[in-house]
Amino acid sequence: MNKVMSNKWFITLYLLPALLLLTVLIFIPLLLTGYYGLMSWDGIGAMSFIGLDNYINVVQDATFWQSAGHSFLLALFSTLSLLLYLAVSLILASKIKGANVFRKVYLIPMLLSSVAIAQLWIKIYNPSNGMLNTMLGWIGVENPPLWLADPSIVLYSIFIPILWQYAGFYILIYYAALKGIPETIIEAAKIDGASPLQIALRIKLPLIMGVIKVTIVLAVVGSLKYFDLIFVMTGGGPNGASEVMASYMYKLAFGSYNFGYGSAVGFALLVITLIVTYIVRRLTANKEDIQY
């Protein structure tokens, strides 16, 4: 009994630094964000309590819901892109020639900062001398699109570099999961006459389904709180056509110095993310994984 109690104290002692960091860096700021949302505050002067007015305004704010729609659209594209990443990982794990080179190439975006990636794609999308419109001119397109200035396509134009930015991350996760499958299982399937497609669909995918579910959650949550590349490339423009929840919150707090309302938007973002995460986890969970 004493040994068990001693082990519990040691476990608590080892967990204490991590718990302190989580409390100071995550839990307390979250509570303060919710608290500031109850205030009218410019970030510098005195705060005045206004109750739930900011949160009521968030619910009635058309711009917030428009930006939320953009964030959900990004989450949808990010989730669908996992199919492409998974297909590439299956090809790389099939021992094709040059697989090592391709694995290194896909990791390049992970080595670049979001600002560098944003500047690169701004140059590619440049309407006058950008690489994309130049190539379209070569094939006879006379009036190529204004990729970052046209409200109807700007959001999709930004999605492409975002998906490219995280391609290496998800391909690496899938590749590592696929390489973790025992080779004896694959060899047994080949002896039984299974084709490469059957091996991929009926053996490999079911064995890494747990990893796939985790990446779905990561893609959805990451998309809902995404900020940096969108802010650098367009700042949420033109006319809010590429605004997302995180960039809208930033503009309110640090652009308009409306920290109270910005905090309310940030707290709403947190609540939405938690709800969506719970729903995704429930949808992707097996029956035995759901705890009642």
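The values are calculated or read from the model by the stated rules, or taken from the named source; none is laboratory data. The structure displayed is predicted, hence computed values, not measured ones. Quick reminder, even Gly has a Cβ in these numbers, built from the backbone with ideal geometry, and neighbours come from all protein chains shown. We work out accessible area using only protein heavy atoms, side chains counted, and drop any ligands, DNA or RNA first. Shrake-Rupley method; radii C 1.70, N 1.55, O 1.52, S 1.80 Å.
Summary table below
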| read-out | value |
| --- | --- |
| Filtered residues of region 50-84 (kept if touching a residue at least 24 places away in the same chain (Cβ under 8 Å), open to solvent by 10 Å² or more (accessible area, probe 1.4 Å) and aromatic (F, W, Y)) | Y55, F72, F77 |
| Single condition P151 does not satisfy, out of (1) open to solvent by 40 Å² or more (accessible area, probe 1.4 Å); (2) free of Cβ contacts under 8 Å to residues at least 40 places away in the same chain | (2) |
| In region 96-129, residue least open to solvent (accessible area, probe 1.4 Å) [restricted to those that are more than 22 Å from I212 (Cβ to Cβ) and small (G, A, S)] | A118 |
| Selected residue (only one of L148, L155 is closer than 18 Å to G235 by Cβ, of a type in the set (A, V, I, L, M, F, W, C) and assigned to a helix (DSSP H, G or I)) | L155 |
| From the options S223, S256, S247, S242, residue that is free of Cβ contacts under 8 Å to residues at least 24 places away in the same chain and of a type in the set (S, T, N, Q) | S256 |
| Lone unmet requirement of (1) open to solvent by 70 Å² or more (accessible area, probe 1.4 Å); (2) aliphatic (A, V, I, L, M); (3) modelled with pLDDT under 90 for A93 | (1) |
| Unmet requirement for S263, which otherwise passes all of (1) under 25 Å from the mean Cα position of the chain (by Cα); (2) loosely packed, with under 15 Cβ neighbours inside 10 Å; (3) polar (S, T, N, Q); (4) over 26 Å from A118 (Cβ atoms) | (2) |
| Any hit, region 260-271, residues being touching a Pro at 6+ places or on another chain (Cβ under 8 Å) and in contact (Cβ under 8 Å) with a residue 40 or more places away in the chain | no |
| Single residue of region 205-225 satisfying the filter (aliphatic (A, V, I, L, M) and open to solvent by less than 20 Å² (accessible area, probe 1.4 Å)) that is farthest from I186 (Cα to Cα) | L224 |
| Selection count, region 45-65, where residues are under 12 Å from Y261 (Cα atoms), among the β-branched types (V, I, T) and in a helix (DSSP H, G or I) | 3 |
